[in-house]
Every structure is written in structure tokens, then in C-alpha cells.
Amino acid sequence: MNAPFFTLTGGSPSSSTDCNCDDDTARQPRVYAARYHQLALLCALILTNAVVWVAFSAITPATASTFGVSSAWINVIALSFQICFLPGTVIGYCLMERWGLRATLLMGGVLTTMGAVLRLTSLYVLPKSDGGGGGGGYVLLLFGTCLAALAQPLLLNVPPALAGKWFEVKQRDVVTSLAFMCSPLGNAVGVTVAPAFVGGGDEGSGGASARDGLRLFLLAQLVVVAASTVWAWLGVKDSPPTPPSHTAALHVQQQQDKQYARELHHQPSIPTWQALKTDLHRCLVLNSSFRLLFVCFGLGLGFFNALLTLVGQLLSPCGYGDSESGALGGIFIGTGLLGAFLAGLILDATHHYSLCLKVGFMGAWVASFLFISALRPNNLAFLATSFALLGLWMLPLLPVAIENGVEIMFPEVPEFFSSGLLLSAGNLAGLPLASLFSLAINRYEEREGSCRVFWKPPAVFVLCVTTLCAFPILMYRPARFGRWEAEKQQRQQRQQQCGASEGGEGEGQI
């Protein structure tokens, strides 16, 4: 068996808490400048996949007219990303366990590129008449979108694993936050750019001009996605030459030990389905804290997706048009990106994972109450403030919850699986929550003056869902945070050993 990269009592030479012992520097954890290149590659892949996801949400009428289908069938395009997230997570888990980080990211890029190719090709299946009506074209469009949807979890579940493999302890949380925020940033880019190509997506623009604009838009998507995939092919690596932290080295050592045991006893690799079943049992049966996080975060993320999907329909009965809805959505995403970055910095500085999670959920609950209070006509300033607070508190819960899940399941469960399981819960919950939210909105949108009533059905729905998310999380009390506690214990051991060596009381270490 290969020797470990460094002894498990070794510390990082760059850490201010370590002593200057005379250990072999080759055995010390170290970081490389290439880690920023790896992060940039991952961000590019996530961002371009997110642009593909929301490509038609701002131009639904023109797309529906071009393909000769109803707007509901175009909405299925976006929903396919939520439907395919769990199967994609299983595929990504198999790739990560058998072939590692590089193969997983490359497969994500290739699937997104193949999906972009099929989506562009679908326009050439349409008849050349202005009437559209190409059923085969829509099927090809949907199939291509499903390929890109399967790629999303291969990319979006990776940030905690990449941060652990490449970055030192004091950078892991903020790196995870930055990578996750590329998805909503890509959504914002897609929604903003699409009307510039198709001309706003008016109902009557389904002729040749709309089809030409749509063709140019999908071609631009393909070029950007293919460029990101080629970049990843040339630059993505599984791991650095030397692990950046104690827990990264521990993970490498565990993998080496497993491989050595299999070779020694001539045993085949453990079937991936068996490992999947074991990890699922550890998360949802044996760990009550993860189970609580799974439920609360799943409901929260599902509500977040439903709110973004139906924000225009929610605001319309109160007299706010598409321009106001777009501006409020932009405020929501903008403050959310800022909040997620700040949350990453706070986690890296304090490592108070449980406290940050609880404060985040309660802050989101208060912001949601302010939001339903502001939901009335001629109240744009207060409504914009409530949207800003919603984004500031809700969006940071994504990286904070994922980091909590990774921490409490380390080292029993890989980072990819714990993060993928939490994100799958949110995507699965998003479909029924969006349907219920839409029904609640339909109950009041046609009634005269109903938007002025505080306890309108959508407001009750928002308050009920956010309450179910926020208050149970107050019972969240994990037994331990595995990665952080392992790093803290390692530093303490090293300080004691360095102090003993400097005092002349220590003995030589292997």
C-alpha cells in the first residue's frame, strides 16, 4: 500500500496556530495556487448549466409558438431539472465513487453540451412555415433538456467535495458558498439575456423572426457550454499532489486502506448500489440531526424554487407588472448572493454551523412575515425591502445547510452524497409546493380588492411553510461536526507535540 501523504498528526505550515517543528515538510499539508483554477472551472460549468435551465422562462410565449405547443409544455422544460435531480445525483454518486472528481465534472460538462446540441437541432426539425407545429422538434428539445438536467447534480453536488480536496480549512466554507451561488447567478443571466435574442417573447412573435432569434440564442448557449467543457477537459484534476488539510489526508488514507484491503483479499470493488444503500441508511435512519435537516431544508428549498417560479403570478393581482416582478426578482437574487458570501465568511471565521443555521432559518421566517405584510397594491418600496430581506436570509441557507450536512456526516458519508441528498429533497419538494402555491394564488387573484386583505390564501401558505421550516430546526442539536472537530483536535495535538519537543521532553515521532 502507498504511504499516506502525511502523518495524521501533521499540521499545515501556513497555519498561524501551528508550531515550527522540524518535521519533514513534504509530509505537511499544503495548498496550491491551482486550487483557484479548479474553482473557476467548477463555477463556469455550474453557471452555464444554470443558463440552460432557465433559458425559456422569460420567452415562454415565443418558444411555445415556435414549437407549436402550449405554454404549459414549455414550463415542463424547466420542471425537468427538478424531476431529474435525484436520478442525476445517483449517477454522480456512482461516478465519484468509482472514477473520482475529474470524471464526474467532465461527464456533467459533456451531458450539458450534448443537451445544448440537441436543443439547437430541435429547431431544424420544425417546418419552415411560420406556423411552427413541430411535435418532433419539441420532443428533441425536451430530451436535450433532460440530458442537461441530469448533468446539474453532477456539478451542483461537487462544491463541498472540491473545497475539501483543494482548499485549506479557513477557506472551505466561503469556497462552497461561492460555487453554489453560481447557480442562481446563471439563472439571472439566462432570464436577462434571453429576451435580447428573441425580442421580448411576445405572444405574436412566434414566426420566422422569433425562430431566428431562438436559434441564435441556443447557438450562443452551445458555444459557451462547449467552451466550458473543453476548458474543464484541459484543466480539471482529481486532487492536488498533497492534501490541503488533515481531513483531506484522512479521506485519502481511508481510500487507500480500502483499496489495499480489497487487493490483499482479492475482493472485487463494493457494488455501488450497496454503498448507496448504506450511506442512505446512515443519513436518514441512523442520524436524527441529518433527518431533521433533510426535512426542514427540503421544504425551505422547495418553497424558494416555488416562489421564484410564481413571483409574477403572485404579484399580478396586486397591480404589479412584469417589469416590477423582474426588478423584485433581481433584488432577491442580488441580496441573496451578498448574503451567501457573508455567510461563508462567517462560517470560516467562527465554524458555528448550528447557530448560523438556526439564525438563518429564523431570519428567513421574519423576512417572510414582512413580505406577506408588504404584499398589497401601491407599496413597491416596502415590497422591494421585503424582497431584499428575503434574499439576504433565504439564499445563504443553501450553503449553510449543505455545510451542516457535510459536517455532521463526516467521515461516514462522502460530501457528494450528503449534499446531493439535501438538494434532492428541495427539488422533490418544489413540485408539490409549487402546485399548492399556484392553487392558493388562484383562489384570490380574480377577486376584487382581495390583495388588500392580509390573511389571503397565498399569505397563509407562505407563513405555514416557513413556520414548518423554521421552528423545528430549533431542535437541531448534532452530536458532532466531524470535519471541523477533526481539524481542531489535530491542531491541539500538534501544539502539544511541538511544546513537548521545544521543552526537551518529547520523543521522536515516526
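Of Ser289, Ser269, all but one fail to be among the polar types (S, T, N, Q), under 24 Å from the mean Cα position of the chain (by Cα) and either modelled with pLDDT of 90 or more or outside any helix (DSSP H, G or I) (or both); the exception is Ser289.
Filtering segment 302-329 to residues that are hydroxyl-bearing (Ser, Thr, Tyr), buried (at least 18 other Cβ atoms within 10 Å of the Cβ) and assigned to a helix (DSSP H, G or I) leaves only Thr309.
Scan segment 75-87 and tell me whether some residue there is farther than 16 Å from Leu154 by Cβ, out of contact with any strand residue (DSSP E or B) (no Cβ under 6 Å at 6 or more places or on another chain) and buried (at least 24 other Cβ atoms within 10 Å of the Cβ). Yes.
Of Val406, Val400, all but one fail to be on the phi < 0 side of the Ramachandran plot and modelled with pLDDT of 95 or more; the exception is Val400. Tyr353 meets all of the listed conditions (1) open to solvent by 10 Å² or more (accessible area, probe 1.4 Å); (2) touching a residue at least 12 places away in the same chain (Cβ under 8 Å) but one, namely (1). Taking Val223 as the residue in question, decide whether it is under 17 Å from Met107 (Cα atoms), of a type outside the set (Gly, Ala, Ser) and at pLDDT 90 or above. Here the answer is no, as Val223 does not meet what is asked. Listed by first and then second residue, the pairs linking a residue in segment 444-467 that is modelled with pLDDT of 85 or more to a residue that is of a type in the set (Ser, Thr, Tyr) and in a loop (DSSP other than H, G, I, E, B), with Cβ atoms under 6 Å apart and 6 or more places separating them unless they lie on different chains, are Pro457/Tyr444. Within segment 387-398, one or more residues are open to solvent by less than 30 Å² (accessible area, probe 1.4 Å), outside any helix (DSSP H, G or I) and within 14 Å of Ala364 (Cβ to Cβ). When restricted to residues that are more than 30 Å from Ala349 (Cβ to Cβ) and open to solvent by 10 Å² or more (accessible area, probe 1.4 Å), segment 153-188 contains 0. A single member of Ala40, Ala72 is among the hydrophobic types (A, V, I, L, M, F, W, C), within 30 Å of Pro195 (Cα to Cα) and at pLDDT below 85, and it is Ala72.
The set of residues from segment 225-239 being open to solvent by 10 Å² or more (accessible area, probe 1.4 Å) and not in a helix (DSSP H, G or I) comprises Lys237, Asp238, Ser239.
Among the candidates Ser57, Ser65, the residue that is among the polar types (S, T, N, Q), in a helix (DSSP H, G or I) and open to solvent by 10 Å² or more (accessible area, probe 1.4 Å) is uniquely Ser65.
The values are calculated or read from the model by the stated rules, or taken from the named source; none is laboratory data. If you're wondering where the values come from, they're calculated on a predicted model, not measured in any experiment. So basically every Cβ, Gly included, is an ideal-geometry build from the backbone, and we count neighbours across all protein chains shown. Remember, those area values only see protein heavy atoms, side chains included, never the ligands or the DNA or RNA. Shrake-Rupley method; radii C 1.70, N 1.55, O 1.52, S 1.80 Å.
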